[in-house]
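Asker: Below is a structure I'd like to ask you about.
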Amino acid sequence: MLLREIKNIFHRELNTIYPQGEVDSFFYLLIEHYLKLERFVLALRPDLIVSKEQEQPLFEALAQLKLHRPVQYIIGKTVFMDLELRVNENVLIPRPETEDLVRWIIEDCRIDRGRDLRILDIGTGSGCIAIALAKNLPGAKVVALDVSQKALELAKKNAEKNGIEIEFIKADILNFNVEFEIELDVVVSNPPYVRELDKKEMSENVLCHEPELALFVPDEDPLRFYTKIADFAKANLKGNGKLYLEINQYLAEDSQALLEAKNFQDIELRKDLFGNNRMLKASTSF
Ligand code: GLN
């Protein structure tokens with residue numbers, strides 16, 4: 001079949017589910033991944049023929065896209081701040097909002113390329129935050145925790161594949177009291193923060209395919225992770241250490257109040273690229 005005919009089939013089958021631009025980007029990602037073809041091939045070679053064998057993974061992917069499976073899980077990878085990372089259903093697909101959080105930390109810590117800093121990422125998932133920080137702050141020592149063994153396995157592979165050294169620890173922040181022997185300079189986390197009432201705004205892709213463990217919190221205690229992380233940060237950060245959090249945009253005030261109640265200083269809120277209140281930074285000072 002001609003490659004452009006396959007593209008037309010993608011549009012016909014998916015245009016009622018996804019915006020047209022998104023269908024185009026799925027198609028280009030798929031031909032790049034399975035056929036090693038660049039996106040401009042269609043313009044250069046409009047009559048390119050694809051063999052039966054080559055078209056098979058494309059049509060398999062099409063069937064999965066119709067079931068709202070995220071394209072990143074289908075091809076098993078994504079890009080986060082110039083890093084290629086593997087992803088699967090055991091980890092959240094890294095979001096551009098989280099890139100903003102990482103950029104904030106890099107901006108603040110770039111003096112001496114992060115020399116001698118000790119950074120801890122709580123709930124690392126694919127490892128995206130920890131790996132991006134270690135890459136951009138090569139002087140820093142980065143440690144990452146997750147409760148999921150499967151997430152940690154993937155995060156380790158991602159670190160190795162990108163030539164980055166990180167210490168990974170399996171631990172549940174909700175039941176974790178161990179103190180680090182060396183005090184930390186930075187604690188960062190993007191913990192679960194989606195409540196039942198937030199689900200109506202979320203796409204089926206996320207709700208049906210991404211890991212519940214990484215996303216959801218009970219409506220009656222939506223800041224449960226933030227409470228634990230704040231206590232942990234107070235116990236393990238240096239004086240003048242920094243805590244960075246990705247937050248639920250609808251809980252920005254509550255999240256801020258929680259840090260104030262725990263005596264964090266210089267609390268700063270930032271919006272993400274979509275204009276939503278998405279990140280908090282706070283300092284310890286004692
Ligand atoms: N930002 C994610 C979403 O909207 C949620 C991430 C999280 O719960 N930490 O799907």
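Asker: Is the shape of segment 121-166 best called rounded, prolate or oblate, per the rule: a/c under 1.5 gives rounded, else a/b larger than b/c gives prolate, else oblate, with a ≥ b ≥ c the square roots of the Cα gyration tensor eigenvalues?
Answerer: It comes out oblate by the Cα gyration axes.
Asker: Do you know the relative contact order of the chain, to the nearest whole percent, from alpha carbon pairs under 8 angstrom that are 6+ apart?
Answerer: Across the chain, relative contact order equals 14 percent.
Asker: Nearest 10 degrees, 0 to 90: what angle lies between the long axis of helix 3-14 and the longest principal axis of the chain (Cα atoms)?
Answerer: So the inclination is approximately 60 degrees.
Asker: Please turn the phi angles of segment 182-195 into ³J(HN,Hα) values with the Karplus equation 6.51 cos²θ - 1.76 cosθ + 1.60 (θ = phi - 60°), one per residue in order, whole Hz, x for glycine and proline.
Answerer: My calculation for segment 182-195 gives 9, 5, 8, 8, 9, 10, 10, 7, 10, x, x, 8, 8, 8 Hz in order.
Asker: With both partners inside segment 1-159, how many of the DSSP beta bridges are antiparallel, as a percent to the nearest 5? Write out the running numbers ahead of the final one.
Answerer: Working: 5 of 10 bridges.
Antiparallel bridges make up about 50 percent of those DSSP assigns within segment 1-159.
Asker: Arranged from highest to lowest average of other beta-carbon atoms within 10 Å per residue, in what order do the peptides 198-205, 217-224 appear?
Answerer: Numbers: 198-205: 12.6, 217-224: 14.4.
Ranking, from highest mean packing down: 217-224, 198-205.
Asker: Quote the relative contact order of segment 3-67 in percent (integer), defining contacts as alpha-carbon pairs under 8 Å separated by 6+ residues.
Answerer: 41
Asker: 222 nm [θ] for the chain, helices only, -39500 (n - 2.57) per DSSP H run of 4+, per residue, to 500? Provide the component values of the computation, followed by the final result.
Answerer: Numbers: 12 runs with 121 residues, N = 286.
Rounded to the nearest 500, the figure is -12500 deg cm²/dmol.
Asker: Would you please classify the overall shape of the chain from the alpha carbon gyration tensor, given that a ≥ b ≥ c denote the square roots of the eigenvalues, rounded means a/c under 1.5, and beyond that prolate means a/b larger than b/c while oblate covers the rest?
Answerer: Cα axes put the chain in the prolate bin.
Asker: Which percent, to the nearest 5, of DSSP beta bridges fully inside the chain are antiparallel?
Answerer: In the chain, DSSP labels about 45 percent of beta bridges as antiparallel.
Asker: Still on this structure, I have one more. Could you state the principal axis extents of the C-alpha atoms in segment 152-286, from the largest down, to the nearest angstrom?
Answerer: Cα spread of segment 152-286 along its principal axes, largest to smallest: 43, 38, 30 Å.
Asker: Specify the angular offset, from 0 to 90 degrees and rounded to the nearest 10, of the alpha carbon long axis of helix 20-35 from the longest principal axis of the alpha carbons in the chain.
Answerer: The answer is roughly 80 degrees.
Asker: In degrees between 0 and 90, to the nearest 10, how far off the longest principal axis of the chain does helix 252-261 point, with axes built from Cα atoms?
Answerer: Helix 252-261 sits roughly 20 degrees off the main axis of the chain.
Asker: Tell me, rounded to the nearest percent, the portion of alpha carbon pairs in segment 1-135 spaced more than 22 Å apart.
Answerer: Cα-Cα pairs of segment 1-135 separated by over 22 Å account for 49 percent.
Asker: Going by C-beta contacts inside 10 Å, put Ser126, Ser25 in order with the fewest on the left.
Answerer: Fewest-to-most ranking of Ser126, Ser25: Ser25, Ser126.
Asker: Under a Cβ-only charge scheme (Lys and Arg +1, Asp and Glu -1), can you give me the dipole magnitude of the chain about the Cα centre, in debye to the nearest 20? Walk me through the numbers on the way to the answer.
Answerer: Numbers: 37 positive and 48 negative charges, 130 e Å.
The calculated dipole for the chain is roughly 620 debye.
Asker: With respect to the cross-link table entries Lys170/Lys200; Lys199/Lys271; Lys242/Lys262; Lys77/Lys200; Lys141/Lys281, which display a Cα-Cα separation exceeding 25 Å?
Answerer: From Lys170/Lys200; Lys199/Lys271; Lys242/Lys262; Lys77/Lys200; Lys141/Lys281, over 25 Å: Lys170/Lys200; Lys77/Lys200.
Asker: Separate question: Based on the mean of other beta carbon atoms within 10 Å per residue, what is the order of 164-173, 112-121, most packed first? Don't skip to the end; give the middle numbers.
Answerer: Working: 164-173: 15.3, 112-121: 18.9.
Sorting 164-173, 112-121 by mean packing, highest first, produces 112-121, 164-173.
Asker: Compute the distance from the alpha-carbon center of segment 50-85 to that of segment 161-240, in whole Å.
Answerer: Segment 50-85 and segment 161-240 have Cα centres spaced 28 Å from each other.
Asker: Indicate the gyration tensor shape class of segment 53-112 (rounded, prolate or oblate), computed on the Cα atoms with a ≥ b ≥ c the square roots of the eigenvalues: a/c under 1.5 is rounded; otherwise a/b larger than b/c is prolate and the rest oblate.
Answerer: Details: a/c = 4.05, a/b = 2.81, b/c = 1.44.
Verdict is prolate for segment 53-112.
No lab work stands behind these numbers, since they all come straight from the coordinates. Given the structure is predicted, the values throughout are model-derived calculations rather than measurements. We place every Cβ from the backbone using ideal geometry, glycine too, and count neighbours over all the protein chains shown.
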